[in-house]
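One structure is given below, encoded as structure tokens.
The values are calculated or read from the model by the stated rules, or taken from the named source; none is laboratory data. Just so it is clear, the structure is predicted and the values come from calculations on it, not from any experiment. Note that each Cβ is placed from the backbone with ideal geometry, even for glycine, and that neighbours are counted across all protein chains shown. Accessible surface areas use protein heavy atoms only, side chains included; no ligands, DNA or RNA. Shrake-Rupley method; radii C 1.70, N 1.55, O 1.52, S 1.80 Å.
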Amino acid sequence: MMNTVTTKEYLTIDNFDVDDKTVLVRVDINTPMDPYGNILEDMRIVSHIPTIKDLSNAKVVLLAHQSRPGKSDFTTMKPHSEKLSYYLGKHVEYVDDIFGSHARSKIDSMEKGDVILLENVRFYSEETISRSAEEHSNTHMVRNLLPHIDIFLNDAFAVSHRSHLSLMGFTTVVPSGAGRLVEKEIEALDRGIKRGGNPCIFVLGGAKVDDSMKVAENVLSNGGADRVLVTGVVANVMLAASGVDIGKRNMDFIRSQGHADQIEVAKGLLDRFNGKIGMPMDVALNDGGKRVEVRVEDVADFDLPINDIGLETIVAYSSEISSAKTVVLNGPAGVSELQGFELGTYEIIKAATKADYSVAGGGHISAEVREMGFENSFSHISTGGGSCISYLAGDKLPAIEALYTAAQSYRKTK
């Protein structure tokens, strides 16, 4: 019996009768591995357990990838099946085939409650070709697996910014929806940029300057954020755009990373959103590993690399963040892996936990939240770096758009 659900742009597990059905689920359990093939960190594997448990009355076939060709950790999914077995408390069989006769016979012999994990989808060369959902649906993978499945679920948010075969190919030919993780990600990020309480503050840092500029432009122009506070290389670009001399070394770094063109973009944002973008008043320079605090106007006198925001900025930012209703963090405040320069990142994360609703936007900042012990104090920690920042920037994620289209088609037939 299907549950009554609020109409969303996409379908979820609740829209389908999954009892005794064969459900193909694309998960993202791509994990760090050591040279001996051992999984070093299993956060992504754990993130899919709610979806698989909610399909306990179905036959669950998992599709996933590990790394990419040419990398040392481009390997089979066998270790992942063992981790999944541990967290589910039941055997998850690894099948060393994707869509050949071995995989198909394994699927056909499944019983209700069984879970199997097929081979690394990136062993199939067509997986990573960017195509439309319709083009992907004509591939061998889809045509071979289609007669053996009833429902497709995308639960791989972290790679949903890619138009890859296993993410999109099934959405036009079989009833398709979002798994619990994708559903949770969309709900949490939408709340952060559309329905969050005010004031809503975005803290944008790290080194992905062009992405951060797009996010700032999106959330400030559509009213998604009341304020944007900048840190990291993003802040250095903003400071340069505002006329601050950040020194030759820091300007050279911006150029070497291909971000020189973002200074003009930053000028445009500062002109359009005057007063809504907060910039550091002081920074921490790295003098041979020693933290040197200086006002931003004095940076050029030292010509040392900026590796963190300064104490005055930390206090001001922390006060603003902790009193906000909604906070979205993306990117660290400095070179947080260096001892003595993790302070800004730590204090901003700590301040965010005091907001009513806090989101860590994937990638580096999510790893820092966990590393610093604040995981249980955040409302949501995104599993997707690239997907998360694309979503926050207002970009369309191809694999999520495919789910929207699939939902429209499905509802027309009902």
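For the reader, a short list of remarks on this structure follows.
- Of all the residues in the range 161-195, those that are closer than 30 Å to LEU270 by Cβ and touching a residue at least 40 places away in the same chain (Cβ under 8 Å) number 6.
- Number of the exception - ALA351 against (1) buried (at least 21 other Cβ atoms within 10 Å of the Cβ); (2) under 20 Å from the mean Cα position of the chain (by Cα): (2)
- Qualifying residue in the range 263-271 (condition: more than 15 Å from ALA235 (Cα to Cα) and either basic (Lys, Arg) or in contact (Cβ under 8 Å) with a residue 12 or more places away in the chain (or both)): no
- Complete set of residues in the range 247-301 that are among the hydrophobic types (A, V, I, L, M, F, W, C), open to solvent by 20 Å² or more (accessible area, probe 1.4 Å) and farther than 22 Å from GLY224 by Cβ: MET251, PHE253, ALA260, ILE263, MET281, VAL292, ALA300
- When residues of the range 155-195 are limited to those that are of a type in the set (S, T, N, Q) and either open to solvent by 20 Å² or more (accessible area, probe 1.4 Å) or within 19 Å of ASN30 (Cβ to Cβ) (or both), the one nearest to the chain's Cα centre (by Cα): SER160
- Selection within the range 214-232: residues that are surrounded by fewer than 24 Cβ atoms within 10 Å (Cβ to Cβ) and assigned to a helix (DSSP H, G or I). The member of this set that is farthest from the chain's Cα centre (by Cα) is SER221.
- The sole residue among VAL18, VAL23 that is over 24 Å from ALA367 (Cα atoms), part of a loop (DSSP other than H, G, I, E, B) and open to solvent by less than 40 Å² (accessible area, probe 1.4 Å) is VAL18.
- Among residues of the range 116-132, those that are outside any loop (DSSP other than H, G, I, E, B) and open to solvent by 10 Å² or more (accessible area, probe 1.4 Å), counted: 5
- Tally of residues being touching a residue at least 24 places away in the same chain (Cβ under 8 Å), over 24 Å from GLU183 (Cβ atoms) and not in a loop (DSSP other than H, G, I, E, B) across the range 346-390: 8
- Residue match in the range 361-374 (condition: among the aromatic types (Phe, Trp, Tyr), modelled with pLDDT of 95 or more and open to solvent by 20 Å² or more (accessible area, probe 1.4 Å)): yes
- Every residue from the range 391-406 that is surrounded by fewer than 22 Cβ atoms within 10 Å (Cβ to Cβ), in contact (Cβ under 8 Å) with a residue 12 or more places away in the chain and not polar (S, T, N, Q): ALA393, GLY394, ASP395, PRO398, TYR404
- Filter result (open to solvent by 30 Å² or more (accessible area, probe 1.4 Å), within 30 Å of ARG143 (Cβ to Cβ) and part of a helix (DSSP H, G or I)) within the range 26-46: ARG44
- Matching residues, the range 111-137, being over 21 Å from LEU397 (Cα atoms) and without any contact (Cβ under 8 Å) to a residue 40 or more places away in the chain: PHE123, SER125
- Output for the range 196-213, where each listed residue is of a type outside the set (S, T, N, Q), in contact (Cβ under 8 Å) with a residue 60 or more places away in the chain and surrounded by 20 or more Cβ atoms within 10 Å (Cβ to Cβ): GLY196, CYS200, ILE201, PHE202, VAL203, LEU204, GLY205, GLY206, LYS208, ASP211
- Looking only at residues of the range 318-341 that are of a type in the set (D, E, K, R) and touching a strand residue (DSSP E or B) at 6+ places or on another chain (Cβ under 8 Å), we find that the one that is most open to solvent (accessible area, probe 1.4 Å) is LYS325.
- Checking each residue in the range 53-97 for being of a type outside the set (S, T, N, Q), in contact with a strand residue (DSSP E or B) (Cβ under 6 Å, 6 or more places away or on another chain) and open to solvent by less than 20 Å² (accessible area, probe 1.4 Å) picks out LEU55, ALA58, VAL60, VAL61, LEU62, LEU63, MET77, LEU84, VAL92, VAL95.
- Filter result for LEU145 (open to solvent by less than 10 Å² (accessible area, probe 1.4 Å), under 26 Å from the mean Cα position of the chain (by Cα) and either in contact (Cβ under 8 Å) with a residue 60 or more places away in the chain or over 24 Å from ILE400 (Cα atoms) (or both)): no
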